[in-house]
Amino acid sequence: MAQYRPELIIRLGIDIDTAISRKPDHDYAELQDKIGVMSTIGYNGTKILEIDSRAPYSEVLEQAQKAVSLVAIVSDRRSLT
């Protein structure tokens with residue numbers, strides 16, 4: 001896994017209040033720690049797209065789909081050369 005470098009990581013950013021409202025059965029402190037740690041992971045230098053997951057679902061989905069489409073286009077172009 002450490003040798004593989006994905007083309008794109010999509011990180012859904014969230015604040016603790018939104019996270020706990022969506023997962024009320026989870027421990028507040030554990031969620032807070034997880035949010036803090038996830039934002040520091042670099043994924044072996046891979047391009048990371050940060051999306052604010054507090055935005056409406058349709059906006060989050062659109063941003064993610066656009067990013068994946070762009071990566072696919074670039075990847076296809078590379079494979080043709």
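Rule-based calculations on the coordinates, nothing more; no lab input. Keep in mind the model is a prediction, meaning the values are calculated, not measured. Methodologically, a virtual Cβ is constructed for each residue, glycine included, from the backbone with ideal geometry; neighbour enumeration extends over all protein chains shown.
So what are the ³J(HN,Hα) numbers for the stretch 13-24, from phi and the Karplus equation (6.51, -1.76, 1.60; θ = phi - 60°), rounded to whole Hz, Gly and Pro as x?
x, 8, 8, 5, 5, 5, 4, 5, 5, 8, 10, x
Quick check: net charge around residue 19, other residues with Cβ under 13 Å of its Cβ, Lys/Arg +1 and Asp/Glu -1?
Taking every Cβ under 13 Å from that of residue 19, the sum is -3.
To test your reading of the geometry: what angle, between 0 and 90 degrees and rounded to tens, separates the Cα axis of helix 57-80 from the longest principal axis of the chain?
For helix 57-80, the angle is close to 30 degrees.
Of 40, 71, 57, which is farthest on the positive side of the dipole of the stretch 9-80, counting Cα position, with +1 on Lys and Arg Cβ, -1 on Asp and Glu Cβ, and the Cα centre as origin?
71
Excluding residues fewer than 8 places away in the same chain, name every one of the lysines whose C-alpha is closer than 19 Å to that of residue 34.
23
Quick check for me: using +1 on Lys/Arg Cβ and -1 on Asp/Glu Cβ, what's the dipole size of the chain about its Cα centre, in debye to the nearest 20?
About 480 debye.
What is the local net charge at residue 71, summed over the other residues whose Cβ is closer than 12 Å to its Cβ (Lys, Arg +1; Asp, Glu -1)?
Here the charged neighbours net out to +2.
Rounded if a/c is under 1.5, else prolate if a/b is larger than b/c, else oblate: which is the chain, with a ≥ b ≥ c the root eigenvalues of its Cα gyration tensor?
Here the chain falls in the oblate category.
Give the aspartates and glutamates whose C-alpha is closer than 17 Å to that of residue 47, dropping any in the same chain fewer than 8 places away, or say none.
Leaving aside aspartates and glutamates fewer than 8 places away in the same chain, those within reach of residue 47 are 7.
Normalising by the residue count of the stretch 9-80, find the relative contact order in percent from Cα pairs under 8 Å and 6+ residues apart.
Value for the stretch 9-80: 41 percent.
In deg cm²/dmol, rounded to 500, what helix-only [θ] at 222 nm does the chain give when every DSSP H run of at least 4 residues adds -39500 (n - 2.57) and the total is split over its residues?
-16500 deg cm²/dmol, from helical runs alone.
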